[in-house]
Amino acid sequence: MRMLPAVAAFALIAAVVAPPAPGLAASKTGEYAVKGIGIDRCSSYVEAARAKSPLLDVFAGWIEGHLTATNRYRPDTFDIAPWQTTRLLMALLFAHCQNNPDQRLFEAVQNLEEVLASSRLAERSEVVEIDAGENGKLAVYHEILKRAQQALIERGFLKGGADGRYGPKTRAALEAFQQSEGLRRTGLPDQETLFKLLLEKDIAPPGG
């Protein structure tokens with residue numbers, strides 16, 4: 001699997017099963033049955049990714065289903081992964097699973113969700129469509145664009161307030177930030193840029 005450059009150097013988090021979040025559906029003892037490929041070990045996922053196996057589509061579908069269920073049953077959650085594509089999430093899992101081959105995939109996904117929880121969308125947010133040139137339209141939640149602007153302000157790349165609107169000043173600030181980080185200068189809130197702005201601080205380096 002080809003991982004995003006900014007992600008490749010990071011393991012996800014320690015291989016410890018996170019305690020169930022309050023309100024999640026389960027038995028009285030917190031147990032629940034795992035269905036499908038989620039019971040496989042991380043090593044199986046890593047092997048499938050390295051071999052570019054068609055089985056990756058099965059893993060992707062299971063992960064998306066798990067995240068959808070989280071959106072449905074986790075309290076105060078509209079979207080647990082409000083800007084991360086399945087491709088990025090799978091890259092994060094790949095990095096984690098390389099270091100934790102014996103962990104079950106469902107446990108690894110739970111760990112990932114706990115990392116994502118602090119930046120989840122608690123309520124619905126309107127979707128902003130940004131012209132991405134030959135790549136068509138880039139859709140991003142208004143709230144996520146606002147958070148990205150705030151991060152740019154805090155880093156000194158943007159002046160003024162964060163309003164969740166995409167204009168020339170935001171584009172220029174994104175380009176300047178991207179250049180400073182050695183990223184492609186798209187001027188867009190793309191995956192690598194949002195990872196650097198909004199998520200990288202929550203990902204611990206190996207051994208950290």
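The values are calculated or read from the model by the stated rules, or taken from the named source; none is laboratory data. Bear in mind that the values here come from a model prediction, so they are computed numbers and not experimental data. Note: ideal-geometry Cβ built from the backbone for every residue, glycine included; neighbour counts use all protein chains shown.
Structural remarks
- Region 193-208 residues that are of a type in the set (V, I, T) and surrounded by fewer than 21 Cβ atoms within 10 Å (Cβ to Cβ), paired with ones that are part of a helix (DSSP H, G or I) and at pLDDT below 90 (beta carbon under 9 Å, 6 or more apart): I203/V7
- Out of G187, G182, sole residue that is surrounded by fewer than 13 Cβ atoms within 10 Å (Cβ to Cβ), assigned by TED's automatic domain parsing to the domain that holds E143 and out of contact with any strand residue (DSSP E or B) (no Cβ under 9 Å at 6 or more places or on another chain): G182
- Restricting attention to region 5-51, the residues that are surrounded by fewer than 17 Cβ atoms within 10 Å (Cβ to Cβ), at pLDDT below 95 and not in a helix (DSSP H, G or I) add up to 22.
- Total residues in region 156-171, condition surrounded by 14 or more Cβ atoms within 10 Å (Cβ to Cβ) and either of a type outside the set (V, I, T) or within 30 Å of F94 (Cβ to Cβ) (or both): 7
To keep it simple, each residue is scored yes or no on (1) modelled with pLDDT under 95; (2) more than 18 Å from A81 (Cα to Cα); (3) among the β-branched types (V, I, T).
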residue: L116; (1), (2), (3): yes, no, no
residue: S119; (1), (2), (3): yes, no, no
residue: R124; (1), (2), (3): no, no, no
residue: G133; (1), (2), (3): yes, yes, no
residue: E143; (1), (2), (3): no, no, no
residue: R147; (1), (2), (3): no, no, no
residue: Q150; (1), (2), (3): no, yes, no
